[in-house]
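Asker: Below is one structure. I have some questions about it.
The values are calculated or read from the model by the stated rules, or taken from the named source; none is laboratory data. As the structure is a computational prediction, the values presented were derived from the model and not from experiment. Here the Cβ positions follow ideal geometry from the backbone for every residue, glycine too, while neighbour counts run over all protein chains shown. In case anyone asks, the SASA skips ligands and DNA or RNA and just uses the protein heavy atoms, side chains included. Shrake-Rupley method; radii C 1.70, N 1.55, O 1.52, S 1.80 Å.
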Protein chains: 2
Amino acid sequence: MTVRVIPLGGIGEIGKNMTVVESEDGIVVIDAGIAFPRDEMLGVDLVLPDFSYLREHAARIRAVILTHGHEDHVGGLPYLIREVGVPEVWATRLTLGLVKAKLDEHGLNRAAELREIVPERGVIPLGPFRAEFIRVTHSIPDAVAVVLHTDDGTIVHSGDIKIDHTPVDGRRTDLARFAAVGDRGVALLLGDSTNAERAGWTPSEAVVTRSLERVIRDAPGRVIVTSFASHIHRLQGVIDAAAACDRFVCVVGRSMTRNLNIARNLGYASVPDGILRKPAEIAELEPERVVILCTGSQGEPLSALTRIAYNDHPSVSVMAGDTVIISAKPVPGNELAVHDTMNQLWRVGARVLHQDVAPVHVSGHGSADELKTVLALVRPTYVMPVHGELRHLVAHGALAEEMGVLAANVLIVENGACLELTDGVVQRGANVTAGVVFVDGLGIGDIADVVLRDRRQLSADGVLIVVCQLHDDAAEMREPEVIARGFAPEGAGDELLAEVQLIATRTLADVAERETKIIQAHLHDAIAELVYKRARKRPLILPVVVDV
Amino acid sequence: MTVRVIPLGGIGEIGKNMTVVESEDGIVVIDAGIAFPRDEMLGVDLVLPDFSYLREHAARIRAVILTHGHEDHVGGLPYLIREVGVPEVWATRLTLGLVKAKLDEHGLNRAAELREIVPERGVIPLGPFRAEFIRVTHSIPDAVAVVLHTDDGTIVHSGDIKIDHTPVDGRRTDLARFAAVGDRGVALLLGDSTNAERAGWTPSEAVVTRSLERVIRDAPGRVIVTSFASHIHRLQGVIDAAAACDRFVCVVGRSMTRNLNIARNLGYASVPDGILRKPAEIAELEPERVVILCTGSQGEPLSALTRIAYNDHPSVSVMAGDTVIISAKPVPGNELAVHDTMNQLWRVGARVLHQDVAPVHVSGHGSADELKTVLALVRPTYVMPVHGELRHLVAHGALAEEMGVLAANVLIVENGACLELTDGVVQRGANVTAGVVFVDGLGIGDIADVVLRDRRQLSADGVLIVVCQLHDDAAEMREPEVIARGFAPEGAGDELLAEVQLIATRTLADVAERETKIIQAHLHDAIAELVYKRARKRPLILPVVVDV
């Protein structure tokens, strides 16, 4: 028999993590994440993995396992359920709670059976394999690594992992369990590579908790803390610090309120009685008794912190004397938005602390020495670095070699690669279809390259529309009409548009042909040349020819 | 008398540094920089300070002083000369060399008198003031701080400054001269705030030089180093290391070649005989004898390194076994482009080193303890932090207070603020016009907000054009034509466009009015509503009504 391991996302990129593990008896999918669009993906809302391979084999899908509740691991689930179908979803209790809320929003609350992972229960049958789960620490509670025992060898997927020995909830990464699995022999490790380039050991969440309490205790006025809405332990740390400093807590931002409620209901967060206040009540409290927890750590335009900073929030505004803590790191690409928010907060009189000037954030991913520790315990024959851009995967591969994995057994692959595990030996099979699918408004699908190219051209230089009427009777001919949008040759602009009109008139007179397409081509080329020569601009040029 | 200090750029932002210092007898401008456009400034090529104030007082301008040759300090000079006029430009020899090349490109080589700053010459008359210049270290050679002695007090402008005690050319920041100026009393210090949030002391360029030599010595194959084209000392360090390791050097990239030539001709760089090779000759050399110096440290799409990485360069390509050193830091906003280039280099078999994994870059700006050292020497009565976003200015202000400057004398201002220095006392005057002017293609001027808004809408959802013909004779009426570009409702797309056509037809039939503008408004609203309802998209909708 052969077990096939096929990453459909998360390799060579940050985001949309998804890995297929299958035997003849069925398919298990580990994670179903989304990625956020890059700037050049103009107008795109979300990015999904290409589900083609799963769609072709939909009948064989037995279960989806979710390692934890972050969007880059669970965000694609509603789309996968709707487009392909999933019989069972396995996840720990908190992850299930977050996923349920998400499926409800999509009207999919009965579309798949939700089954709870309890790591303490040991090995269980799951689809065609026997599975066990190992608790790991990460920047969201209740994260697990996945162990799949197959007849051809054991496969370990680390999920997103950090080795935090002093996590807020006391539930450490279960190193002894990794060791026990390693004792029995592991064929293949799929390991989180996000921080593989960082030397040393990522500091514990306890460092941040202590630092936040110090800042809150010393703050002369209100304290506003922003973090990821799903970082329940960070929120708990802030709530505990507020309680210790005799301050009330106000949670602002839909996703944070929802996540905190889910976490409380499921026993993952505890909020002292009477400490919570509604946003509308803040104004009545003395500033030195207030902590505000809010969304917006990435400078998102419609988030709570951004609206608060720009005085655009219905019930909260920032005041001189406030201390604002950005308890997060900007995701690459969001730096400028976060800097803007910080500067605006300073402008209105707040003091702003962020990770570069105070220990108010730590990563949720293990650094090099943590990854080596995992390798030392699991002792895999093969390693496939996952969750990272190529440079992270390569760095993780180098760590694996340092830890004794044969260079030939370090598998740096790409999305769609197929690893075939047979009797403990891994070989490369033929790649399957993998790629990106864009969610754009209500549509899901491939936005053709031509559309993105048009959007890029439109975004840089706008559009020039030239409307011409063709009359059989030359006496009836009218001047072409020129419409410019997003095109700004300023100053000389009107002059240039007049020139465009003139050259269009002349082109119409010159072209003997009456075929619309040919006239359009001539108009397009003449106008494009003129505009580039005069203004060094390349707007999208659309000649409209009306044959009357 | 009163001396007025007016920053026109560089306050509350990184870039387009420019400060006016004037008395009744004339105006001196310190620096004339540009900024690079942000992502939301769609289609903009460059950003200039608003020259309105200088245009109004053009006749009184006596000189522009350039503190060093970086674009954010000199890039606006050609525009200032062309739009306003400048009689004299003062700068050190290397800065003049770089500026001459720039003015030649703009056909302005005789438009202003170029005068050389020689710091060793001491105090000289300059416009209405007496000026002296102090050598400072920075990430380009021949940088200076400016001291303006006026009847109302002495003003010191640090320029961009770092206190590197072991610079490549041995020309240290002249701390003793700062002390001597401080001894005689300084009313106002304008100080570089870029790294004010960073604790400690920025490492010396010598650290990088040593590290580069180690990497080049140990590299098994070719070494490709990218850095800023103007960072002459970094280039010199690489050339020296190559010479020490018996390697040839090949310089790739127009701006780097030009800058290195200028620096060599003026005695700011020395290249051992016979070490340089042309790009076309590289293929003939053994890999372990090659160092390639190239542009592209910011992941710019058309730069040498990007083209090399994507195998799009006419004479250089990357090979397995190459070591690539990114000897620079991504400017905020360029992170993703730089990461892309790094990943592509790994993909084709190179090893990539960057500042997060090896000491291959240091900043050119002093950290907190360096700024405090400057404050300790200059001992100014007033401090105006410059060169930084608001958070940097505030951090610099806090350092000034720690160094004994009165809180009320720390002046955190905005572009266009006017500081009036009278007999050693600074007061705030009325603000002058300040802001941004966009260079877009060949045009210089204000791109109206409406144009950028259109471009944003076009970039997100494209454009829908609906062409309708109005005939007096209803029997002659034709179906409206719908043209979509950059609009992608995929799948249901054609269906939606058919619906748009239908609703346009119906709207035309319903509107009794024959006034084109009113018909267009009805068409616009009906189509916008339909498209948003069906696809949650908001394309730019342009109804074209042709009255036949």
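Asker: Just how large is the dipole of chain A about the Cα centre, in debye to the nearest 20, putting +1 at every Lys and Arg Cβ and -1 at every Asp and Glu Cβ? Write out the running numbers ahead of the final one.
Answerer: On the way: 54 positive and 74 negative charges, 330 e Å.
Computed about the Cα centre, the dipole is about 1580 debye.
Asker: To the nearest hundred square angstrom, how large is the accessible surface buried between A and B, total for both chains, probe 1.4 angstrom? Could you put the intermediate results ahead of the total?
Answerer: Values: alone 23940 and 23950 Å², together 42650 Å².
Heavy-atom accessible area buried at this interface is about 5200 Å².
Asker: Between their Cα atoms, which of A:162/B:16; B:100/B:278; A:16/A:162; A:517/A:537; A:16/A:100; A:16/A:372 are more than 31 Å away from each other? If you can, show how the numbers build up before the last one.
Answerer: Working: A:162/B:16 43 Å; B:100/B:278 26 Å; A:16/A:162 19 Å; A:517/A:537 24 Å; A:16/A:100 19 Å; A:16/A:372 25 Å.
Going by Cα-Cα distance, A:162/B:16 fall outside the 31 Å limit.
Asker: What do you reckon, how do B:522, B:365 stack up by accessible area (1.4 Å probe), largest on top? Numbers along the way, then the final one.
Answerer: Numbers: B:522 90, B:365 35 Å².
From most accessible down to least: B:522, B:365.
Asker: Any residues in the stretch A:301-342 that have 10 Å² or more less accessible area with all protein chains than in their chain alone, probe 1.4 Å, and which are they?
Answerer: A:332, A:333, A:335, A:336, A:339, A:340, A:342
Asker: Do you know the relative contact order of chain B, to the nearest whole percent, from alpha carbon pairs under 8 angstrom that are 6+ apart?
Answerer: 16
Asker: Against the longest principal axis of chain B, how steep is helix B:516-535, in degrees 0 to 90 to the nearest 10, with axes from Cα atoms?
Answerer: 80
Asker: Out of A:269, A:326, A:294, whose Cα points farthest toward the positive end of the dipole of the stretch A:261-334 (charges: +1 Lys, Arg; -1 Asp, Glu; placed on Cβ)?
Answerer: It is A:269.
Asker: Name the residue from B:51, B:111, B:32 whose Cα lies farthest towards the positive end of the charge dipole of the stretch B:1-143, charges +1 on Cβ of Lys and Arg and -1 on Cβ of Asp and Glu.
Answerer: B:111
Asker: Once the whole set of protein chains is in place, how much accessible area is left on residue B:116, using a 1.4 Å probe, in Å² to the nearest 10?
Answerer: Around 80 Å² of this residue is reachable by solvent.
Asker: If you place +1 on the Cβ of every Lys and Arg and -1 on the Cβ of every Asp and Glu, how big does the dipole about the Cα centre of the stretch B:38-122 come out, in debye to the nearest 20? Please report the intermediate quantities before stating the final value.
Answerer: Values: 11 positive and 14 negative charges, 95 e Å.
My answer is approximately 460 debye.
Asker: I would also like to ask the following. Rounded to the nearest Å, what's the spacing between the alpha carbon centres of the stretch A:124-143 and the stretch A:256-298? Just the number, please.
Answerer: Taking the Cα centre of the stretch A:256-298 as reference, the centre of the stretch A:124-143 is 30 Å away.
Asker: So how much accessible area does residue A:90 have, in Å² to the nearest 10, using a 1.4 Å probe?
Answerer: Result for residue A:90: roughly 20 Å² accessible.
Asker: Can you compute the equivalent ellipsoid semi-axes for the stretch A:328-407, i.e. the square root of 5 times each eigenvalue of the Cα gyration tensor, sorted largest first and rounded to whole Å?
Answerer: Semi-axes (√(5λ), whole Å): 38, 13, 7.
Asker: Considering the stretch B:64-137, what Rg and Dmax in Å follow from its alpha-carbon atoms?
Answerer: Answer for the stretch B:64-137, Rg first and Dmax second: 12.2, 33 Å.
Asker: Return the carbon/sulfur percentage of the accessible area of chain A, one whole number, probe 1.4 Å, all protein chains in place.
Answerer: Details: 10510 of 21320 Å².
Of the solvent-accessible surface of chain A, carbon and sulfur hold 49 percent.
Asker: What relative contact order, as a whole-number percentage, does the stretch B:449-547 give when Cα pairs under 8 Å and 6 or more residues apart are counted? Display every interim value, and only then the final one.
Answerer: Details: 130 pairs, mean separation 39.4, N = 99.
That works out to 40 percent.
Asker: At 222 nm, what helix-only mean residue ellipticity would the protein assembly as shown give, in deg cm²/dmol to the nearest 500, using -39500 (n - 2.57) for each DSSP H run of four or more? Don't skip to the end; give the middle numbers.
Answerer: Numbers: 30 runs with 342 residues, N = 1096.
Taken over the protein assembly as shown, the calculation gives -9500 deg cm²/dmol.
Asker: Mind jotting down a quarter of the surface of the convex hull over the alpha carbons of the protein assembly as shown, in square nanometres, one decimal? Write down the numbers at each step before the final one.
Answerer: Details: hull surface 192.0 nm².
Mean orientational projected area (the protein assembly as shown, Cα hull): 48.0 nm².
Asker: Right, another one. Please work out the average accessible area per residue across the protein assembly as shown, using the 1.4 Å probe convention, and give it in Å². Each step should come with its number before you reach the end.
Answerer: Numbers: 42650 Å² over 1096 residues.
So the protein assembly as shown comes to 39 Å² accessible per residue, rounded to a whole number.
Asker: Here is a further query. Kindly sort B:100, A:162 by accessible area of their heavy atoms, largest first, with the probe set to 1.4 Å. Write down the numbers at each step before the final one.
Answerer: Details: B:100 110, A:162 5 Å².
Listed by decreasing accessible area, they come as B:100, A:162.
Asker: Please find the FRET efficiency linking residue B:311 to residue B:406, where r is the Cβ-Cβ separation and R0 is fixed at 45 Å, and quote it to the nearest 0.05. Could the numbers behind the result be given before it?
Answerer: Numbers: r = 60 Å, r/R0 = 1.34.
Calculated transfer efficiency: 0.15.
Asker: Please name the residues of the stretch A:366-402 whose accessible area, counted over protein heavy atoms with a 1.4 angstrom probe, falls by no less than 10 Å² between the chain alone and the full protein assembly.
Answerer: Residues losing area: A:389, A:390, A:391, A:394.
Asker: Oh, and also: Considering the dipole of the protein assembly as shown built from charges on the beta carbon (Lys and Arg +1, Asp and Glu -1) around the Cα centre, which of B:167, B:21, A:353 is farthest to its positive end?
Answerer: The listed residue farthest towards the positive side: B:167.
Asker: Between the stretch A:457-472 and the stretch B:354-407, what is the C-alpha centre distance in whole Å?
Answerer: First find each Cα centre; the distance between them is then 52 Å.
Asker: If you don't mind, another one. By how many degrees, between 0 and 90 and to the nearest 10, does the Cα long axis of helix A:232-244 differ from the longest principal axis of chain A?
Answerer: Tilt relative to chain A: about 70 degrees.
Asker: Considering just Cα atoms, how many Å³ per residue does the convex hull of chain A enclose? It would help to have the intermediate numbers written out before the result.
Answerer: Working: hull volume 107.7 nm³, N = 548.
Per-residue hull volume (Cα only) is 196 Å³.
Asker: Using only Cα atoms, tell me the angle between helix A:449-461 and the longest principal axis of chain A; keep it within 0 to 90° and round to the nearest 10.
Answerer: 70
Asker: Within the stretch B:359-394, what residues put their amide N at less than 19 Å from the label point 7 Å along the Cα-to-Cβ vector of residue B:175?
Answerer: Residues passing the 19 Å test: B:363-380.
Asker: In addition: Calculate the length of the line joining the C-alpha centroid of the stretch A:14-63 to that of the stretch A:302-339, in whole Å.
Answerer: Answer, in whole Å: 33.
Asker: Can you give me the three principal axis dimensions of the stretch B:449-547 from its C-alpha atoms, in Å, biggest first?
Answerer: Answer, in whole Å and largest first: 39, 34, 19 Å.
Asker: Give me the one-decimal nm value for the distance between modelled label points at residue B:88 and residue A:58, 7 Å along each residue's Cα-to-Cβ direction.
Answerer: 8.0
Asker: Something else now. So for A:36, B:228, what's the accessible-area order with a 1.4 Å probe, most first? Don't skip to the answer; put the middle values down first.
Answerer: Values: A:36 135, B:228 70 Å².
Listed by decreasing accessible area, they come as A:36, B:228.
Asker: Can you give the accessible area of residue B:25 in Å² (nearest 10), computed on protein heavy atoms with a 1.4 Å probe?
Answerer: Roll a 1.4 Å probe over it and residue B:25 shows about 90 Å².
Asker: Okay, next question. Taking the Cα centre of the stretch B:449-547 as origin and charging only Cβ (+1 Lys, Arg; -1 Asp, Glu), how large is the dipole, in debye to the nearest 20?
Answerer: Working: 13 positive and 18 negative charges, 129 e Å.
In debye, rounded to 20, the stretch B:449-547 gives about 620.
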